[in-house]
Amino acid sequence: MTSAEEMDARRHFAGPVERLRRERGYSLDTLAARSMIGRDGLDRILSCEVEADFSDFYLLSGALGVDPGRLFEGIRWTPPAAGGSGHEITGGGQDG
């Protein structure tokens, strides 16, 4: 089962990808082709049905022409073992 924090992080990741896709005038099919991620898989990532894996981050950032870290702006991870609460949304992301 996906935790609320994981879903928040997935939504937060999808926000910048969608915004950058629209800014560049890419359709979902165009971004899928540029990133080499199947259209159905990309749609599932952006609708938060599945989480993106490590290679998806690089493929998407390359297709969008941005540093991979830009897709994680506003998300911080502090391991619970280190006294953290896991994912923390700090800003950026969905709305900028």
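Taken over segment 42-59, the criterion of being modelled with pLDDT under 90 and among the β-branched types (Val, Ile, Thr) is satisfied by 50 alone.
Each residue in segment 1-16 was checked for being surrounded by fewer than 17 Cβ atoms within 10 Å (Cβ to Cβ) and assigned to a helix (DSSP H, G or I), and 5 of them qualify. Taking the residues in segment 70-96 that are of a type in the set (A, V, I, L, M, F, W, C) and surrounded by 15 or more Cβ atoms within 10 Å (Cβ to Cβ) as candidates, determine which candidate is modelled with the highest pLDDT. My answer is 71. One residue stands out in segment 17-69 among those that are in a loop (DSSP other than H, G, I, E, B), among the small types (Gly, Ala, Ser) and touching a residue at least 24 places away in the same chain (Cβ under 8 Å): the one that is surrounded by the most Cβ atoms within 10 Å (Cβ to Cβ), namely 52.
The values are calculated or read from the model by the stated rules, or taken from the named source; none is laboratory data. Here the structure is a predicted model, which means the values were calculated and not measured. Glycine also receives a Cβ, built like all others from the backbone with ideal geometry; neighbour counts cover every protein chain displayed.
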